[in-house]
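What follows is a single structure, written as structure tokens, with notes after it.
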Amino acid sequence: MRTVSQEKMAIVKSTAPALEKHGVEITTAMYARLFQDAEIKKMFDDAAQESGEQPRKLAAAILAYSKNIDKLANLGSAVNKMVARHVETGVQAEHYPYVAEALLPAIRDVLGADVATDTVLDAWGDAYWMLADILIAAETEARAA
């Protein structure tokens with residue numbers, strides 16, 4: 001299980017105001033990148049995308065994570081819901097790199113390189129993979145139950 005240094009946690013937490021303001025724009029850009037792969041797009045509910053529900057939900061989850069990266073217990077029920085949804089929709093460990101490859105550039109695209117510096121994206125990369133490891137482990141456990 002990967003971890004995030006205190007320094008990188010502080011960087012992630014410092015992005016919360018930008019995520020609060022631009023989160024839906026970021027997740028919308030992320031999904032546009034992600035859905036260039038038709039196989040991955042099939043895994044998602046088109047209605048939830050078109051209504052904006054999915055980008056809003058993900059933006060709220062990313063914001064909550066940024067604010068609580070140092071207090072993950074606060075995210076327990078949200079993580080449990082995410083795990084259940086991922087198991088239900090067939091998300092597998094091999095899908096997580098695709099999301100990372102779509103999310104991190106979307107953060108830079110929306111916030112700009114002055115805000116989403118290499119240091120910020122590096123911190124978010126570590127943060128993403130720490131959460132991904134948690135989700136993958138919980139999803140594996142849920143499938144085995």
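Can you tell me which of 102, 73, 78 is of a type outside the set (Asp, Glu) and either in contact (Cβ under 8 Å) with a residue 24 or more places away in the chain or in contact with a strand residue (DSSP E or B) (Cβ under 9 Å, 6 or more places away or on another chain) (or both)? Full working, then the answer.
On the way: 73 fails: either in contact (Cβ under 8 Å) with a residue 24 or more places away in the chain or in contact with a strand residue (DSSP E or B) (Cβ under 9 Å, 6 or more places away or on another chain) (or both); 78 fails: either in contact (Cβ under 8 Å) with a residue 24 or more places away in the chain or in contact with a strand residue (DSSP E or B) (Cβ under 9 Å, 6 or more places away or on another chain) (or both).
Only one candidate passes the filter, namely 102.
Considering each residue of the range 6-58, count those that are within 25 Å of residue 94 (Cα to Cα) and among the hydroxyl-bearing types (Ser, Thr, Tyr), and give that number.
Total meeting the criteria: 3.
If I filter the range 1-38 down to residues being closer than 19 Å to residue 134 by Cβ and among the hydroxyl-bearing types (Ser, Thr, Tyr), which single residue comes out as modelled with the highest pLDDT?
By that ranking, first place goes to 5.
Only one residue in 32, 47 is of a type in the set (Gly, Ala, Ser), assigned to a helix (DSSP H, G or I) and surrounded by 12 or more Cβ atoms within 10 Å (Cβ to Cβ). Which one?
Values: 47 fails: surrounded by 12 or more Cβ atoms within 10 Å (Cβ to Cβ).
Checking each option against the conditions leaves just 32.
Criterion first (at pLDDT 95 or above and within 25 Å of residue 137 (Cα to Cα)) does residue 64 satisfy it?
Here the answer is yes, as residue 64 does meet what is asked.
Between residues in the range 1-22 that are without any contact (Cβ under 8 Å) to a residue 60 or more places away in the chain and assigned to a helix (DSSP H, G or I) and residues that are buried (at least 18 other Cβ atoms within 10 Å of the Cβ) and not hydrophobic (A, V, I, L, M, F, W, C), which pairs lie under 7 Å by C-beta distance while being six or more apart or on different chains?
13/66; 16/66; 19/66
Do you know which residues across the range 9-45 are small (Gly, Ala, Ser) and either over 19 Å from residue 127 (Cβ atoms) or within 14 Å of the chain's Cα centre (by Cα) (or both)?
Applying the first criterion (small (Gly, Ala, Ser)) to the range 9-45 yields 10, 14, 16, 18, 23, 29, 32, 38.
Result: 16, 23, 29, 32, 38.
Residue 113 - would you say it is among the small types (Gly, Ala, Ser) and within 30 Å of residue 145 (Cβ to Cβ)? Can you show your working first?
Working: among the small types (Gly, Ala, Ser): yes; within 30 Å of residue 145 (Cβ to Cβ): no.
Criteria not met by residue 113.
The values are calculated or read from the model by the stated rules, or taken from the named source; none is laboratory data. Keep in mind it's a predicted model, so treat the numbers as computed, not measured. Please note: Cβ atoms are built from the backbone with ideal geometry, for glycine as well, and neighbour counts cover all protein chains shown.
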